[in-house]
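The values are calculated or read from the model by the stated rules, or taken from the named source; none is laboratory data. Here the structure is a predicted model, which is why all the values come from computation and not from measurement. Cβ: placed from backbone, ideal geometry, glycine included. Neighbour counts: every protein chain shown. The area values use the complete protein model at the heavy-atom level, side chains included, leaving out ligands, DNA and RNA. Shrake-Rupley method; radii C 1.70, N 1.55, O 1.52, S 1.80 Å.
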Amino acid sequence: MIKSLKISKKLEDYIAHHSYELNPIQKEIINHNEKMGSQKKMQISVTQGYFFQFFIKSFNIKKVLEIGTFTGYSSLTMALALPKNGHISSLDKNKETSEIAKNFFIKAGIQKKINIFLGPALDSLKKFKNDKKKFDMIFIDADKMNYKKYYEKSIRLLNQGGLIIIDNV
C-alpha cells in the first residue's frame, strides 16, 4: 500500500494535461498569486483542486467548511464542483486577501455559494458549534500552529460520513 505519493513536476504536468481546462477565473487567481512572491505558496496546487472536486462530486458533498481562504483559489475550485444548492463557509482573518477573494467570486458569478467569515477561525468555529452548523467536508489550510485546535473543533461540525482534509500534513 502506498503511504505517500510525491507529486513531481512530471506527474503534475501529466494530471494537468489529462484533466479538463481550468475556469478562466481560476487561471486569473493563479496569475494574480504568481505576483505575490513567497505568499503564493499559500495557494493549493491545481492537482489538489482536481482532487477536491473529485471528492465533492463522488460523495455528493453540499456543505463545505474551509479554514483559510487566501485569495480564493481553493474556494472557487470547490464551489465550481458543488451542486446548485451547495455552499462554502470560508474562514480567514486577513481582510485584504479576503476582499481579493470576494472580487474573484463575483467575477466568476459564484458569490452566492461562498461566505467568508472574517476573524479568528477559532472564534468562528465556536460560533458554528453553538449554532449547530454541520458540514460534509472540512478543509483545514490556515496557520499551521493551530491545526490541532482547528481539527478538534472541526470534527464536532462534521456530518456523519463527512471528510476532513488537512493541508501540509
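Observations
- One residue stands out among those in segment 77-92 that are open to solvent by 10 Å² or more (accessible area, probe 1.4 Å) and in contact (Cβ under 8 Å) with a residue 40 or more places away in the chain: the one that is nearest to SER154 (Cα to Cα), which is ASP92.
- Here ILE88 meets each of (1) outside any helix (DSSP H, G or I); (2) more than 10 Å from the chain's Cα centre (by Cα) with one exception, condition (2).
- On the stretch given as segment 127-164, residues that are in a helix (DSSP H, G or I) and either among the polar types (S, T, N, Q) or free of Cβ contacts under 8 Å to residues at least 60 places away in the same chain (or both) total 15.
- Count of segment 127-146 residues, restricted to those that are open to solvent by less than 50 Å² (accessible area, probe 1.4 Å), touching a strand residue (DSSP E or B) at 6+ places or on another chain (Cβ under 6 Å) and modelled with pLDDT of 95 or more, is 6.
- Flag for ASP131 being over 26 Å from GLU96 (Cβ atoms) and either aliphatic (A, V, I, L, M) or over 17 Å from the mean Cα position of the chain (by Cα) (or both): yes
- Filtered residues of segment 147-169 (kept if of a type outside the set (Phe, Trp, Tyr), open to solvent by less than 90 Å² (accessible area, probe 1.4 Å) and over 14 Å from the mean Cα position of the chain (by Cα)): GLU152, LYS153, SER154, ILE155, LEU157, LEU158, ASN159, GLY161, GLY162
- Residues in segment 95-126 that are within 20 Å of GLY162 (Cα to Cα) and either free of Cβ contacts under 8 Å to residues at least 12 places away in the same chain or open to solvent by 80 Å² or more (accessible area, probe 1.4 Å) (or both): LYS126 alone.
- Segment 147-167, residues that are in contact with a helix residue (DSSP H, G or I) (Cβ under 7 Å, 6 or more places away or on another chain) and not hydrophobic (A, V, I, L, M, F, W, C): LYS149, TYR150, LYS153, SER154, ARG156
- When segment 56-76 is filtered for residues that are surrounded by fewer than 19 Cβ atoms within 10 Å (Cβ to Cβ) and either among the acidic types (Asp, Glu) or on the phi < 0 side of the Ramachandran plot (or both), the ones remaining, listed by number, are LYS57, SER58, PHE59, LYS62.
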